[in-house]
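Participant: Supplied in structure tokens, the structure appears directly below.
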Amino acid sequence: MTQPLISVILAGGKGERFWPLSRKHRPKQFLSLDGSGESLLQTTAQRLLKPAQGWENLWVITASHLADAVRAQLPDLPPENLLVEPEGRDTAPAVAWSTLEVAKRYGDQAVVGFFPADHWIDDADRFAETLLAAQHLALQESAIVTLGIQPTYASTGYGYIEQGKAIAQYEAATGNTYPASQVVRFTEKPDRTTAEDFIQQGCFSWNAGMFVFQAKTALQELRQHAPEILEPLEAQGTAAYGEVPKKSIDYALMEKTQRACVLPVTFGWDDLGDWGAIERLLKSDNPNVELAQHVGLDTRGALFYATQEDDLIVTIGLEDTVIVRDGKVTLIVKKDRTQEIKSVLKTLQGNPAYQDFL
């Protein structure tokens, strides 16, 4: 049997663009956004159980104020597999500390995978098979494998990975093949013209923020490229959090290492970045997407969400609008402006009267 993939879920994010449903103590990963009744964190954990070969090899790293919610949502998670950060310092310290802890328990030969808690993936079996391919590459090529999503449109909201020459290919028992390529460069959220050029070139993937590596490989590379993060955590553990730089793993390591390779994937994926993603997932022949009781007149292309089943939303003459009801807060926004929710939150944060709504 293939060794388990020690799977670490990154569950410290805020998900502010899903406000007012997403709040400080109830961020996006704890929400059920598709009407299934399961949160994004719960579905992420479930699809990782196969590659992890059980709960004992599944880990979660989260912020201190979210730890109790993680325990409540994942009661089968071993208590020692929950890593609690004293403060958020972006993904590089989270990855570095988690990898150090995994190496302590399993040895630095262990293969580790990191996965955001709040993504949607449509094919759990293909996902698990892809991770087997990533494990193989991590071991055989001493590679830091990043999963690349095939772009479906010229998005300006995702980072891009340019694929270089082929370096290896994994053939699964099913006959599916998984070719990997060198990473030429990472590009953060490009403008529209650049994104369209990337799509035309055909050698770019979206950066999904999922990666797999052998612990010793990552620790060697972090020691070389981000010693200011690794060494304090190695010496002091979480006591060093106040002094380590706040950096993403992409910036601290992935853009600098020569060991990065990209494995293009074929399963359906969405990072559920804002309310528009819900429409992409649930769009049907209905003129609107309704996760609430709704009565409308001349209303099309709208999305409705309410946390209380007995709430009723009534609309007349609306088009391309998102309406969300949660307790005492109602959000009404044009679909093409949902990215601006974070700007409104800054206004609320600056007013003491609105702190209960954050």
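The values are calculated or read from the model by the stated rules, or taken from the named source; none is laboratory data. What you are looking at is a predicted structure, and each value in this text was computed from that prediction instead of being measured. A quick note on method: Cβ atoms are made from the backbone with ideal geometry, for glycine too, and the neighbour counts reach across all protein chains shown. Areas reflect the complete protein model, heavy atoms only, side chains present, ligands, DNA and RNA absent. Shrake-Rupley method; radii C 1.70, N 1.55, O 1.52, S 1.80 Å.
Participant: Taking only Cα atoms, what is the 0 to 90° angle, nearest 10, from helix 40-52's long axis to the longest principal axis of the chain?
Facilitator: Relative to the chain, helix 40-52 is tipped by roughly 30 degrees.
Participant: So what is the relative contact order of the chain, in percent, for Cα pairs below 8 Å that sit 6 or more residues apart?
Facilitator: Worked out over the chain, it gives 19 percent.
Participant: Could you bin all the Cα-Cα distances of the stretch 1-51 into 5 Å bins starting at 0 and give me the percent of pairs in each, rounded to whole numbers?
Facilitator: The calculated distribution, bin by bin, is 5, 20, 24, 20, 14, 8, 6, 2, 1, 0.
Participant: Given axes a ≥ b ≥ c from the Cα gyration tensor, I'd like to know whether the stretch 24-88 is rounded (a/c under 1.5), prolate (a/b larger than b/c) or oblate. Walk me through the numbers before you get to the answer.
Facilitator: Values: a/c = 2.09, a/b = 1.03, b/c = 2.02.
In terms of gyration-tensor shape, oblate.
Participant: Throw me the Rg/Rh for the stretch 220-323, computed over C-alpha atoms with Kirkwood Rh, two decimals.
Facilitator: Working: Rg = 23.2 Å, Rh = 18.2 Å.
When Rh is taken as the Kirkwood radius, the ratio is 1.27.
Participant: Report the percentage of all Cα-Cα pairs in the stretch 211-257 whose separation exceeds 14 Å, rounded to a whole percent.
Facilitator: Details: 541 of 1081 pairs.
For the stretch 211-257, the fraction of Cα-Cα distances above 14 Å is 50 percent.
Participant: Would you give the gap between the C-alpha center of the stretch 4-67 and the C-alpha center of the stretch 151-224, rounded to a whole Å?
Facilitator: 23 Å
Participant: To continue, here is another question. Grab every C-alpha pair in the stretch 223-281, bin the distances at 5 angstrom width from 0 up to the longest one, and report whole percents.
Facilitator: Taking all Cα pairs of the stretch 223-281, the binned fractions are 4, 14, 16, 13, 13, 13, 13, 10, 4, 0 percent.
Participant: Give me the percent of the accessible area of the chain that comes from carbon and sulfur atoms, probe 1.4 Å, all protein chains in place.
Facilitator: Roughly 46 percent, rounded to a whole number.
Participant: When you take every Cα atom in the chain, what is the radius of gyration, and what is Dmax, the widest Cα pair distance, in Å?
Facilitator: 20.9, 64
Participant: Count the DSSP beta bridges whose two residues both fall in the chain, then state the antiparallel fraction as a percent rounded to the nearest 5.
Facilitator: That works out to approximately 50 percent antiparallel.
Participant: Right, here's the next one. So, for the stretch 47-188, what is the accessible surface per residue at a probe of 1.4 Å, expressed in square angstrom?
Facilitator: 41 Å²
Participant: Please sort by residue number the chymotrypsin sites (Phe, Trp or Tyr not before Pro) in the stretch 115-202 whose DSSP state is loop and whose Cβ has at most 16 other Cβ atoms within 10 Å.
Facilitator: Taking the stretch 115-202 and a limit of 16 other Cβ atoms within 10 Å, the loop chymotrypsin sites (Phe, Trp or Tyr not before Pro) found are 153.
Participant: About the Cα centre, and with charges only on the beta carbon of Lys, Arg (+1) and Asp, Glu (-1), how big is the dipole of the chain? Nearest 20 debye, please.
Facilitator: 540 debye
Participant: Hey, could you grab the Kirkwood Rh for the stretch 48-156? Inverse mean 1/r over distinct alpha carbon pairs, Å, one decimal.
Facilitator: Computed over Cα pairs of the stretch 48-156, the Kirkwood hydrodynamic radius comes out at 15.7 Å.
Participant: Considering the alpha-carbon set of the stretch 53-115 alone, what are its Rg and its Dmax in angstrom?
Facilitator: According to the Cα coordinates of the stretch 53-115, Rg and Dmax are 11.7, 32 Å.
Participant: Using only alpha carbons, build the gyration tensor for the stretch 183-240 and give me the equivalent ellipsoid semi-axes, biggest first, whole Å.
Facilitator: Details: eigenvalues 227, 35, 18 Å².
Its equivalent ellipsoid spans semi-axes of 34, 13, 10 Å.
Participant: Can you tell me the alpha carbon radius of gyration of the stretch 1-109 divided by the globular rule-of-thumb value 2.2 N^0.38 Å?
Facilitator: Its radius of gyration relative to the 2.2 N^0.38 Å reference: 1.07.
Participant: Continuing with the same structure: Let me understand the stretch 266-358 better: what is its radius of gyration from the alpha carbons, and its Dmax, in angstrom?
Facilitator: For the stretch 266-358, the Cα-based Rg and Dmax read 14.5, 47 Å.
Participant: Filter 28/283; 189/247; 24/247; 14/216; 24/50 down to the pairs with a C-alpha to C-alpha distance above 23 Å, please.
Facilitator: 14/216; 24/50
Participant: Right, another one. Summing -39500 (n - 2.57) over the DSSP H runs of n ≥ 4 in the chain and dividing by its residue number, what mean residue ellipticity at 222 nm do you reach, to the nearest 500 deg cm²/dmol?
Facilitator: -8500 deg cm²/dmol
Participant: Additional query: How large is the convex hull of the Cα atoms of the stretch 88-240 per residue, expressed in Å³ as a whole number? Can you show the working numbers first?
Facilitator: Numbers: hull volume 21.0 nm³, N = 153.
Hull volume over Cα atoms, normalised by residue count, gives 137 Å³.
Participant: So for the stretch 137-224, what are the equivalent ellipsoid semi-axes in whole Å, largest first, each being the square root of 5 times an eigenvalue of the Cα gyration tensor?
Facilitator: On the way: eigenvalues 124, 61, 21 Å².
Semi-axes from the Cα gyration tensor: 25, 17, 10 Å.
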